[in-house]
Structures are given as structure tokens and as C-alpha cells.
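This report refers to the structure that appears directly beneath it.
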Amino acid sequence: MEYLLLAGACICFSVQFIFSKLFQKRTDGTVHASMWSNLLSGTAMFIIFFCINGFKIGFSWTSAGLALIYALSSIICTCASIIGMTSTTVAAMTLYTLLGGVVLPFFYGVIRLGEHPSVFRWIGVSLMVSAAVIPYVINSIEKKEIQTGNAGPSAKNRKLTAAVCCALVFLTNGLISIATKAASTVEDAIGENDFMLLGTVVRIAGSVLILIFLALRAKSKNPLPVDPITNAPANAKAFTILFLISFFYAVLNGAGNIFSLNCAKTMDASLQFPIISAACIIFTAVIGLIAFKEKPGKGDLIGIVTATAGIIFSIF
């Protein structure tokens, strides 16, 4: 049963990147746009899980603290992901996002939970870490530069933006995974849906506060997301499309987290998160090829092969 839950988490987390990319393509890819992504997807997630949970939210102080870490990490991760995808490919951002979900929870399981991974799991994690090399990101950026015809200082700026965003998604997605694992193992743990709701409430509140701050700072009369084509605030139709994109993202992200939370009850973190992350790297590369015509380069293929080898070793 735990492997069925694991498979469900892998599929949901992989497909959600389609909607993250679609949101980025329909906005100007700024911090302002990413906060709207957090707010809209958070609102959709709250509605879904509040109904599923019988219109109530469980609470414990320990879970609330973990929900705060989960929510703040989610906000930063979404922001870095959307901004990063303006400078590199979906596959490159996914690689570093999911790599963070491997390394940090793996060592959390070893150091904090006293888990004892086998030699094969250590080899597996090492292989997946080796898949994330700087030339992989540089190759993706250069490929995009050739397609768009950009060169000179702007290319350097894009490389710097991609590098910073990759580092942020690595760190924050790792913290998300750790908070998810810890939420299911603490003494006063609440239900999976309750934890998701707590985290979502904080995420919505944080997004609203940041949007208010940005609006006051810019003194803008219209705080809605900006359409990248017209450079004007999104109209009713465009805003509805953005909400629907966020809604489907929320469904997939929420379902993936529920699968992951239930799986975490019986599976070691040092096994669970490497498999989820490596499988998502492979699935997302395929999705990028089919949905966004991102043909895998040498770096992509090396990453996929290395990640696949890591999955095989991590199972033992």
C-alpha cells in the first residue's frame, strides 16, 4: 500500500509543474506574480481541504510551528520557481527543486530520526546529487538564449537569476519535505488534512501581506497580475484562467502532499523522498518534452540516467 501512495505522490508532484509553468507564461514572472500564484493556489487548496475535513481545522502548537515552516518555505519556493523559469527550463528548475527534497530530508532522517540507510541508499543519494551539476543549468540557459537571440550582459543576468533561484528552491523544498515528515511523527501530531489546512492558512496570510506591501511600495492603483503580452493588469477573463490554473495546481499539490504524509507514517524518509524526487525528475523531463517542446540535451539525459540509477539503488 505504501508504494501505491508513493506512486500517487510522484505523479501528482510531477504533473503540477505543468500548471506552474502555465502560470508563469501567463504573467510577467515577477515576485508580484508569484505572490498571486501563492494566494490563488492557497485559496483553492483551503476550499478543497476545508470541505474534505468537515469544515474544521485541528490544532496543536507543534504542528502549527511546522505549518509555519511549511508555509513560508512554500511561498519562497513558488516565488523562486516562477522567477527561475523565466531564465531556464522547467526541467532544470525541477531538478534542483526535487534535489532539495532528497538531500535535506535524507540527512534529517539519518541525524534526527536515527534512521540507518543501507550502503545502496547512500550510493543512490550520491548518484542523484551528482545529477545536479552547474553545467546542467548553464546548458539549459544557453539553449534558451540561442532560441530567443539574447546575448551579452542579459545572458549573465539570466545565469545569475537561475543560479539564485535554483539554490532557493533546493533549500525551501527540502524544508517542505522535512516539515511534512516531522508533522507525521511528532507526539501531538494532527491529521494530514488538518496540517495542510494550517499550512495553507499561513500561506494565504503571508501572500496577502506581501501583496499589500508590494502594492503600497509601487503605489499601483491595480494590484492584479500583469499580462506579459499587453503589459496591462489581467482582465476578468485572464484572471479567471489564472485562478483555474492555480486550482488544478492546488489539487495536484494537495493530493501529492496527502499521499506523501500517509506514506511517511510507515516509510523511512531516507527512502521515501529520494524515490519521489528522482521519479519526478524523470516524469517532468518527459512532460517538458511533450507539453513545452523542451527537447532534452546532453545535460538532461545525463541527469535522467543518473537519477534513474539513484532510484534503483535507493530501493534497496
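Values quoted throughout were computed directly from the atomic coordinates according to the rules given, and no laboratory measurement underlies them. All values reported here derive from a predicted model rather than from experimental measurement. Positions of Cβ are generated from backbone atoms using ideal geometry, with glycine treated the same way; all protein chains shown enter the neighbour counts.
The shape of segment 64-133 comes out oblate: with a ≥ b ≥ c from the C-alpha gyration tensor, a/c is at least 1.5 while a/b does not beat b/c.
Once Rh is set to the Kirkwood radius over Cα pairs, what Stokes-Einstein translational diffusion coefficient, in µm²/s, holds for segment 2-315 at a temperature of 20 °C and a viscosity of 1.002 mPa s? Calculated translational D: 109 µm²/s. Of 130, 14, the sequence from fewest to most neighbouring Cβ atoms within 10 angstrom is 130, 14. Ranked for footprinting exposure by Cβ neighbours inside 10 Å, fewest first, 316, 50, 170 give 316, 50, 170. Checking the Cα-Cα distances for 56/237; 156/293; 21/237; 156/295; 237/293; 56/181 against a 28 Å cut-off, the pairs over it are 56/237. Distance from the C-alpha centroid of segment 264-289 to that of segment 8-47: 19 Å, rounded to the whole angstrom.
The fewest-to-most ranking of 94, 62, 27 by surrounding Cβ atoms within 10 Å reads 62, 27, 94.
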